[in-house]
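Novice: Got a structure for you, written out below as structure tokens; questions coming shortly.
The values are calculated or read from the model by the stated rules, or taken from the named source; none is laboratory data. Computed from a predicted structure; not experimentally measured. When we count neighbours, we look across all protein chains shown, and the Cβ atoms used for this are built from the backbone with ideal geometry, even at glycine. Accessible surface areas use protein heavy atoms only, side chains included; no ligands, DNA or RNA. Shrake-Rupley method; radii C 1.70, N 1.55, O 1.52, S 1.80 Å.
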Amino acid sequence: MEITSPDIFAGNIIMSRVRLARNLSGYPFRVRDEMAAKEIVKKVNRALVRTDTFNLYFMANLGEIQLEAMKERHLISQNLIDNRACGAVLINQDESVSVMINEEDIIREQCFMKGLRLTEAYKTLDKIDDDLSKNLPLAYDDDFGYLTACPTNVGTGLRASVMLFLPALTESGKISALVREVQKLGLTVRGLYGEGSEAEGFMYQVSNEVTLGVSEYEIIREVEKAVLDICRAERDEMENLYASHHLNTMDKARRSYGILTNAVFLSYGEFLSHIARVKLGAMMGLINIENMDALDDLIIKARPANICEQYGRLLSATDRDMYRAELVAKKLIKLKN
């Protein structure tokens, strides 16, 4: 099987995310008082004013479309939306860093980077975390580490996750056994949007479960090792499942490309099923698309709220499907030329 990228796992490894959970001494970890919440937002904003150029958003000031679009881009969580009266978020210019305030914990720092870049993402957050700790009294215990609202986050408060594209392991039915093996290592495998979500478009998140009694870099090494092992298994299964049925794989990929570039209406579910085939075909050199990142970005841009945000208004389901079809066709034709 020929994979077009020099990195044999390009396409399989989509994005790395590191998240740090922090709380402040003197405040309840789950803030529901609006006066206290505003005070906290002001303090966090001041602490980070020299760290990066952030835009501050109060959840209460945002419309439903913008909230949902931010959630689709992983910048905010449903928990933050649910605490709308008290919640806020700081987001940097390229949306690679978001700092949620008054979510499940008082502060949740996140950094996103394409590819397998957990160490780099952690170093970015570590600088932010240093500024927070210099300027704010973070809740910390000498024996347990950082204190969090949920006991499973106590210790480092760190979640390291990598988003993977695993079509072969999914379609062969071997993904279930892999999930069980990963769990034995203290890691977990979830769908695209974390706990309780499904694996849309063959996409999964691999992340750590243990945060207590291990260092940040030990967590990152364990997740990276598991990710590389999973990708090797996926590559082997791609060889068995797809490369040995070359024409059938090509046919499905090109049919999906034809639908995505000619459809008048396109639901998000239909889009996901076809874009996964197109991406698989591109990875195997069966379709002339080299920019895997652009395909991954399209998966977010085509989501319902992001479609509405791009067109500046709430759209009916029919209009969303029509605009999605136009957007996807335009992007794919440009990528293939």
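Novice: Relative contact order for the chain using alpha-carbon pairs under 8 Å, separation at least 6, rounded to a whole percent?
Specialist: Taking the mean separation of contacting Cα pairs over the length of the chain, I get 20 percent.
Novice: Follow-up question, since we're still on this one. Which shape class applies to the chain: rounded if a/c is under 1.5, otherwise prolate when a/b exceeds b/c and oblate if not, where a ≥ b ≥ c are the square roots of the Cα gyration tensor eigenvalues?
Specialist: In terms of gyration-tensor shape, oblate.
Novice: May I pose another question? Could you give log10 I(q)/I(0) at q = 0.17 Å⁻¹ for the range 46-108, computed by the Debye formula over C-alpha point scatterers of equal weight, without solvent?
Specialist: Calculated log10 I(q)/I(0) at the listed q: -0.51.
Novice: Only bridges whose two residues both fall in the chain count here: according to DSSP, what percent of them are antiparallel, nearest 5?
Specialist: Of the beta bridges lying entirely in the chain, close to 100 percent run antiparallel.
Novice: Whenever you get a sec, compute what percent of the accessible area on the chain sits on carbon and sulfur atoms (1.4 Å probe).
Specialist: It is 49 percent, rounded to a whole number.
Novice: Relative contact order for the range 111-268: what percent, with Cα pairs under 8 Å and sequence separation of 6 or more?
Specialist: Once normalised by length, the contact order is 21 percent.
Novice: Could you state the number of Å between the C-alpha centres of the range 13-71 and the range 74-152?
Specialist: The range 74-152 and the range 13-71 have Cα centres spaced 8 Å from each other.
Novice: Please report, in debye to the nearest 20, how large the charge dipole of the chain is about its Cα centre when each Lys and Arg carries +1 at its beta carbon and each Asp and Glu carries -1 there.
Specialist: The dipole magnitude comes to about 760 debye.
Novice: Another one. Straight distance only, please: which lysines reach the Cα of K42 with their own Cα at less than 21 Å, same-chain residues fewer than 8 apart left out?
Specialist: Partners found: K127, K134.
Novice: Would you mind counting up the charge near V223? Only other residues with Cβ under 14 Å from its Cβ, with Lys and Arg at +1 and Asp and Glu at -1.
Specialist: 0
Novice: Same structure again: Which order do peptides 238-249, 22-33 fall in by mean Cβ count within 10 Å, highest first?
Specialist: 22-33, 238-249
Novice: A further question follows. Given Cα pairs under 8 Å that are at least 6 residues apart, what percent is the relative contact order of the range 207-311?
Specialist: 18
Novice: Another question about this same structure. Sum up the charges of everything whose Cβ sits under 9 Å from the Cβ of I14, counting Lys and Arg as +1 and Asp and Glu as -1, but leave I14 out.
Specialist: -1
Novice: If you count only protein heavy atoms with a 1.4 Å probe, what accessible area per residue comes out for the chain, rounded to a whole Å²?
Specialist: Ligands and nucleic acids excluded, the figure is 46 Å² per residue.
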